[in-house]
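The values are calculated or read from the model by the stated rules, or taken from the named source; none is laboratory data. Not measured: the values here are computed from a predicted model. Backbone-built Cβ (ideal geometry, glycine too); neighbour counts: all protein chains shown.
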Amino acid sequence: MASPKNVKKILWSRTYHEDVGEKDSDGSYNYAYCYYIYLFSLPDRRTLRVRRYTDTPGQCSLFMDLKELTRMQDTETLDHVHAIINFLIANEGVKNVDYFSNGYKSIDLTKIKQDLKAFTFEEGLRENNTGL
């Protein structure tokens with residue numbers, strides 16, 4: 001188990017968004033997407049973005065390309081991604097996770113590391129984040 005001084009904090013926030021089309025004569029929108037955007041600020045100050053639609057609350061999408069995900073395979077950042085997925089499952093009821101890279105690709109949750117004690121989550125974000 002990590003000692004308290006070795007525990008890395010991941011800051012996070014969640015904001016609600018709506019993307020709606022034009023209203024027709026009946027006052028209905030031709031489309032409406034309602035979703036949450038989660039921002040996770042990693043200890044190295046990079047930010048990971050996740051989207052979860054309100055009509056499919058058990059599903060969420062990480063926004064990173066395959067090249068970035070592949071680059072992380074042997075780095076500490078992959079543990080950050082695993083910790084974030086575990087956080088979403090435990091705290092937001094997520095059951096399926098994919099990532100967006102020229103289309104949606106599923107993440108096999110059986111390959112996600114569990115019980116990562118080296119990370120804590122605190123609501124709030126640092127200023128001047130850079131994107132992944």
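Any residue in the stretch 35-49 that's in contact (Cβ under 8 Å) with a residue 40 or more places away in the chain and more than 12 Å from Lys8 (Cβ to Cβ): show its pairings with residues that are surrounded by 18 or more Cβ atoms within 10 Å (Cβ to Cβ) and of a type in the set (Gly, Ala, Ser) at Cβ separation under 7 Å, as long as the two are six or more apart or on different chains.
Between residues of the stretch 35-49 that are in contact (Cβ under 8 Å) with a residue 40 or more places away in the chain and more than 12 Å from Lys8 (Cβ to Cβ) and residues that are surrounded by 18 or more Cβ atoms within 10 Å (Cβ to Cβ) and of a type in the set (Gly, Ala, Ser), the close pairs are Thr47/Ser41.
Out of everything in the stretch 6-42 that is under 16 Å from Ile85 (Cα atoms) and of a type in the set (Gly, Ala, Ser), what residue ends up being surrounded by the fewest Cβ atoms within 10 Å (Cβ to Cβ)?
This residue is Ser13.
Can Glu123 be described as at pLDDT 90 or above and exposed (fewer than 10 other Cβ atoms within 10 Å of the Cβ)?
Spelling it out, Glu123 is indeed at pLDDT 90 or above and exposed (fewer than 10 other Cβ atoms within 10 Å of the Cβ).
The rows are residues; the columns are (1) modelled with pLDDT of 70 or more; (2) of a type in the set (Val, Ile, Thr); (3) surrounded by 18 or more Cβ atoms within 10 Å (Cβ to Cβ).
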position	(1), (2), (3)
Thr70	no, yes, no
Val81	yes, yes, yes
Val94	yes, yes, yes
Gly103	yes, no, no
Thr110	yes, yes, no
Phe119	yes, no, yes
Gly131	no, no, no
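Give the residue, chosen from Arg51, Arg45, that is under 13 Å from the mean Cα position of the chain (by Cα), charged (D, E, K, R) and closer than 24 Å to Phe87 by Cβ.
When all the criteria are applied, what remains is Arg51.
Within the stretch 26-39, identify whether any single residue is hydroxyl-bearing (Ser, Thr, Tyr) and out of contact with any strand residue (DSSP E or B) (no Cβ under 8 Å at 6 or more places or on another chain), and answer yes or no.
Within the stretch 26-39, one or more residues are hydroxyl-bearing (Ser, Thr, Tyr) and out of contact with any strand residue (DSSP E or B) (no Cβ under 8 Å at 6 or more places or on another chain).
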